[in-house]
Amino acid sequence: MSCPYSNKPTDPEGQTNYRAIEDNIHTDFKDDMSYGDYLHLEKVLNAQHPLSNQHDEMLFIVIHQASELWIKLAGHELNEAVENIKSGDFGHAFKVIARVKQILSQLTQSWGILSTLTPVDYLKFRDTLGHSSGFQSYGYRKIEFLLGNKNAELLKVHESNPQVHQELQYILNQPSLYDEALLALKSHGLPIDKAVLERDFSLPYQANKSVLNAWLTVYQNAEQYFHLYELAEKLVDIEDSFQQWRFKHMYTVQRIIGNKIGTGGSSGVSFLKKALDISFFPELFELRTHL
Ligand code: HEM
């Protein structure tokens, strides 16, 4: 029976502010796959094991785990983008690159939550972390490599995990998203130095004049090279979002530990600041000066 004075749902006994469940809603999961089964929530939601009795350690664990999941998705999408560009499927590449940009924005937003952790509260459990550090995040290293920030030295911390080491070594040696974009410039008839196209992909990318000129041609003839022009702007979006993540990480770290050394052994903030000078797509930024 419904209440004559209110549009709010009522239960059979006439209570308001209540949603009765519908007859067709599935409730028996003895032999049926449930939401939790599909998502393996028992594993995911039982993977938080604080090492101290400090209230804030849960925040610290959850923010890292949630970030790792988003990073994993970003890696999955970037792999797809590399394949799409390789096969000339720009439409799909744009779709997944746009998604990566949103994932990076989501990751950047999470620094706001972490900045509610005060230096004093963090110090109460910091020692329990030992030498563990985000520096050892293989998901993160994977996306850096996929985007083109190659550095073989960074494989060292993964030697104790052969499977991860092998995967990272493979990605290190493969053309990055940017390398594939440069091959696409070439296949659209733009002259690119052979040394760039046939470079050792495991080495850090070095900015090159022929690449700068090719991108300049694209920007100055955007109608003619519209796909490449759009691709370039999408890559700029990604670098922009990535740098925001790097910056907020560095700044949040500074806010929490000042200039203390990192648990991973680096100089901390000054080491993180150096990453801000690394560009995935250097010519795409340089060309703006020459337009
Ligand atoms: C209290 C919070 C945090 C502090 C104090 C902190 C501190 C640091 C420091 C000092 C480093 C440099 C390596 C070292 O010596 O340890 C580092 C690297 C790193 N951290 Fe964090 N971090 C925090 C939170 C996070 C979170 C939430 C993530 C998310 C996944 C993260 C991901 C990373 C990554 C990926 C690196 C490597 C960066 C690179 O290679 O440039 N960190 N962190």
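Computed values, structure above
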| read-out | value |
| --- | --- |
| Condition check for SER133: closer than 28 Å to LEU59 by Cβ, within 11 Å of the ligand (Cβ to nearest atom) and hydroxyl-bearing (Ser, Thr, Tyr) | yes |
| Residue list for region 79-92, restricted to those being free of Cβ contacts under 8 Å to residues at least 12 places away in the same chain and in a helix (DSSP H, G or I) | GLU83, GLY91 |
| Failed criterion for PHE280 (all others in (1) part of a helix (DSSP H, G or I); (2) within 16 Å of the ligand (Cβ to nearest atom); (3) in contact with a Leu (Cβ under 8 Å, 6 or more places away or on another chain) hold) | (1) |
| Verdict on LEU168 being under 25 Å from LYS86 (Cα atoms), within 15 Å of the ligand (Cβ to nearest atom) and in contact with a Leu (Cβ under 7 Å, 6 or more places away or on another chain) | yes |
| Test for ALA66: is it more than 10 Å from the ligand (Cβ to nearest atom) and at pLDDT 95 or above | no |
| Residue tally, condition assigned to a helix (DSSP H, G or I), without any contact (Cβ under 8 Å) to a residue 12 or more places away in the chain and either closer than 17 Å to TYR138 by Cβ or out of contact with any Pro (no Cβ under 7 Å at 6 or more places or on another chain) (or both), over region 45-78 | 2 |
| Odd one out for ARG199, checked against (1) assigned to a helix (DSSP H, G or I); (2) away from the ligand (no atom under 13 Å from the Cβ); (3) surrounded by 15 or more Cβ atoms within 10 Å (Cβ to Cβ) | (1) |
| Subset of region 211-267 that is of a type in the set (D, E, K, R) and under 21 Å from LEU147 (Cα atoms) - its residue that is nearest to the ligand (Cβ to nearest atom) | ARG246 |
| From ILE192, ILE171, residue being touching a residue at least 12 places away in the same chain (Cβ under 8 Å) and under 22 Å from the mean Cα position of the chain (by Cα) | ILE171 |
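The values are calculated or read from the model by the stated rules, or taken from the named source; none is laboratory data. In this text the structure is predicted, and so the values were computed from the model without any measurement. Cβ sites come from the backbone with ideal geometry, for glycine too, and all protein chains shown count toward neighbours.
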